[in-house]
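Student: A single structure is presented below for examination.
The values are calculated or read from the model by the stated rules, or taken from the named source; none is laboratory data. Computed from a prediction, not measured in an experiment: that's the story for all the values here. Note: ideal-geometry Cβ built from the backbone for every residue, glycine included; neighbour counts use all protein chains shown.
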Amino acid sequence: MIHKFDTVIVGSGGAGLYAALEASKKSKTAVLSKLYPIRSHTGAAQGGISAALGNVEEDKAEWHAFDTVKGGDYLVDQQAAKILAEEAIQAVYDLENRGLPFNRTPEGKIDQRRFGGHTRNFGEGPVRRACYSADRTGHMILQTLYQQCIKNDVAFFDEFQVVDLLLDGTTCHGVVVVELSTGELHIFAAKAVLFATGGFGRIFKITSNAYANSGDGPALCARRGIPLEDMEFFQFHPTGIMGLGILISEAVRGEGGILRNRSGERFMEGYSPTLLDLAPRDIVSRSIQTEVRAGQGIRGDGKIDDYVHLDATHLGKEVLTSKLPDITDFCKTYLGIDPAEKPIPVLPTAHYAMGGIPTDVHGRVIIDNANTIVNGLYAAGECACVSVHGANRLGTNSLLDLVVFGRRAGQHVGDYVKQADMPQPKTSAADEARDWIDKLTDGTAGPHGGHISDEMQVTMMEKVGIYRNENDMGTAVDEINELRERYKTVRVQDTTKQFNTDLLEIIELGNLLDLSLITAASALNRQESRGAHSREDFPDRDDDKWLVHSLAYLEGDSVRLEEKTVDTSIWEPKPRTY
Ligand SMILES: Cc1cc2nc3c(=O)[nH]c(=O)nc-3n(C[C@H](O)[C@H](O)[C@H](O)COP(=O)(O)OP(=O)(O)OC[C@H]3O[C@@H](n4cnc5c(N)ncnc54)[C@H](O)[C@@H]3O)c2cc1C
């Protein structure tokens, strides 16, 4: 079946819904989502959304932009960071006006709390910049935006999974989609397509990310010749529940929680004397792993899965139940611990993709280092790289990125489609996807996807994790390519058409394998340590050679890497101390 819309938005997380709100004002807009919209991972975001409102103490957008650039270890495009910080203020008030129930100060203003790497006056000390709704901020954003989209009659196609992108040279014509309930293939012809498909933490064994975070948007783009930017930078959040990876929000440390090693020491004093437990995430995660390696983990055996304690006992029941209710529940459910009484066992967990589909500040996808645009193709949110997070994202800047750049992209799309022609794809445009699905479900025997997935996640966790070196990453590239080879003969056992989640998971695995390869190859290529990319064999940042974005092109079994200039037009890169 062929559908026609001016604008097709793929993804109904914060980025997709904000873009839909804007685009639908000026164009006939459809939102396709493989999940019911409010099950998108944005709903799991806990801690907050940053904006220099200055409600609790003095703050300025300029300080916010600077923190973002420095937090990203100077790989951030600085004009984009300026836009992020300046537009943050209106964005948060817009959310408030649309009905988002933020926590309040006693005077009735939006309350704000501390988060890692956010400082006053260019690094003097922590500042209260994160606006929050208890520890359910993402949930509230998603609910608010979804209700607004329903009110504005946006057309939703829920449980529709996009499997291919239709590109003709440098113009986008639409997408090919499987409808989960029937197994039917649909073509959505569109003047513009906007990807807002979220992250891909599922390439790693221990992750805070939902099962659906399989990086479909970036993988589809990569297979159609679009490069992916800065894929070597993947953030490990310092505090996942030990062994499970479920996130314990940075808000716990924002409210005063302290990390301790087996001797009970507040070890961040030795790594970040000014910001302590609220240093940027790359620094805190490395510090935890260094403690563990030195036998200072709680077990003291130096093994990679030893852990440390996040101590929130001194915050008291009152603060925990009013400001961190979900976290308190998680600890009780998954650990059998009341955080008011006992410290929480934590370990870093794969959390956030700084890299993704390269875009300009209007969300337009670019295809090379001369910033050539793909007509009618947009990306926003975690799947995109604009780049405001550089080599390491600051906490609360992602929800902000969704809102600011989701909105900008939606506005640009709305104007673009007015002058674009409606493409006329034939049903044969879905043939490639149909042949592939027919093969996967032809009933013959083949390897099981589950084993391939497990091996991929272990390889990425152990060899392309927090600390990296040439030997391990080289092995990872080979191992992932072997898994990609095995994947070519994979088959699903369930060959029915209706609700074939087995099939859709296999398709997602193909995406994760491609992104694993691109991540490992990009990391192997960058011979320096910067932000979340920390190499034992190249421990220093090397601005002379590596103050550049990487663009990775997937070409069969190999990845071709090119460089793109970083915008450093406001602040000169300096060594990063906290
Ligand atoms: C546990 C957790 C807590 C977090 N807390 C915070 C926080 O406090 N503050 C902060 O700033 N950031 C936080 N983050 C990060 C932030 O929440 C995410 O980066 C952000 O929500 C991603 O939003 P998105 O709109 O890009 O994608 P998502 O919300 O992940 O949505 C992706 C959408 O794409 C759709 N989709 C994907 N593939 C397809 C396909 N093939 N076909 C059709 N649809 C598809 C999905 O159905 C979904 O609707 C947190 C992340 C996690 C995992």
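Student: I'd like the full set of residues that are touching a Pro at 6+ places or on another chain (Cβ under 9 Å), in a helix (DSSP H, G or I) and under 28 Å from Phe233 (Cα atoms), limited to the range 284-318.
Tutor: Passing the criteria: Val284, Ser285, Arg286, Ser287, Ile288, Gln289.
Student: Which residue out of Lys323, Lys303 is at pLDDT below 95, among the basic types (Lys, Arg) and closer than 19 Å to Asp135 by Cβ?
Tutor: Sole residue among the options that is at pLDDT below 95, among the basic types (Lys, Arg) and closer than 19 Å to Asp135 by Cβ: Lys323.
Student: For the range 246-274, how many residues meet the condition of being assigned to a loop (DSSP other than H, G, I, E, B), on the phi < 0 side of the Ramachandran plot and more than 16 Å from the ligand (Cβ to nearest atom)?
Tutor: 9
Student: Only one of (1) out of contact with any Lys or Arg (no Cβ under 7 Å at 6 or more places or on another chain); (2) over 27 Å from His451 (Cα atoms); (3) among the charged types (D, E, K, R) fails for Arg128. Which number is that?
Tutor: It is condition (1) that Arg128 fails.
Student: Another question about this same structure. Select from the range 407-465 the residues that are within 20 Å of Ser24 (Cβ to Cβ) and among the basic types (Lys, Arg) and write down the one among them that is surrounded by the fewest Cβ atoms within 10 Å (Cβ to Cβ).
Tutor: Looking at residues that are within 20 Å of Ser24 (Cβ to Cβ) and among the basic types (Lys, Arg), I get Lys418.
Student: Let me ask something additional. Taking Lys151 and the conditions (1) within 16 Å of the ligand (Cβ to nearest atom); (2) at pLDDT below 95, which numbered condition does it fall short on, given that it satisfies the others?
Tutor: All conditions pass for Lys151, except number (1).
Student: Now for a separate question. Enumerate the pairs (first residue in the range 565-578 and touching a residue at least 40 places away in the same chain (Cβ under 8 Å); second residue anywhere and part of a loop (DSSP other than H, G, I, E, B) and loosely packed, with under 15 Cβ neighbours inside 10 Å) with beta-carbon separation below 7 Å, excluding pairs fewer than 6 apart on the same chain, so at least 6 apart or on different chains.
Tutor: Note: pairs meeting the criteria are Tyr578/Thr274.
Student: Identify all residues within the range 532-560 that are free of Cβ contacts under 8 Å to residues at least 40 places away in the same chain, of a type outside the set (Gly, Ala, Ser) and not in a loop (DSSP other than H, G, I, E, B); write none if there are none.
Tutor: Asp544, Lys545, Trp546, Val548, Glu555, Arg560
Student: Could I ask something else about it? Could you please find all residues in the range 29-44 being touching a Leu at 6+ places or on another chain (Cβ under 6 Å) and buried (at least 20 other Cβ atoms within 10 Å of the Cβ)?
Tutor: Matches in the range 29-44: Thr42, Gly43.
Student: May I ask you to say which residue of Val346, Val374 is in contact (Cβ under 8 Å) with a residue 60 or more places away in the chain, within 16 Å of the ligand (Cβ to nearest atom) and under 24 Å from the mean Cα position of the chain (by Cα)?
Tutor: Exactly one of Val346, Val374 is in contact (Cβ under 8 Å) with a residue 60 or more places away in the chain, within 16 Å of the ligand (Cβ to nearest atom) and under 24 Å from the mean Cα position of the chain (by Cα), namely Val346.
Student: Tell me which residues, restricted to the range 195-208, are near the ligand (Cβ under 7 Å from one of its atoms) and either of a type in the set (D, E, K, R) or out of contact with any strand residue (DSSP E or B) (no Cβ under 7 Å at 6 or more places or on another chain) (or both).
Tutor: Passing the criteria: only Gly198.
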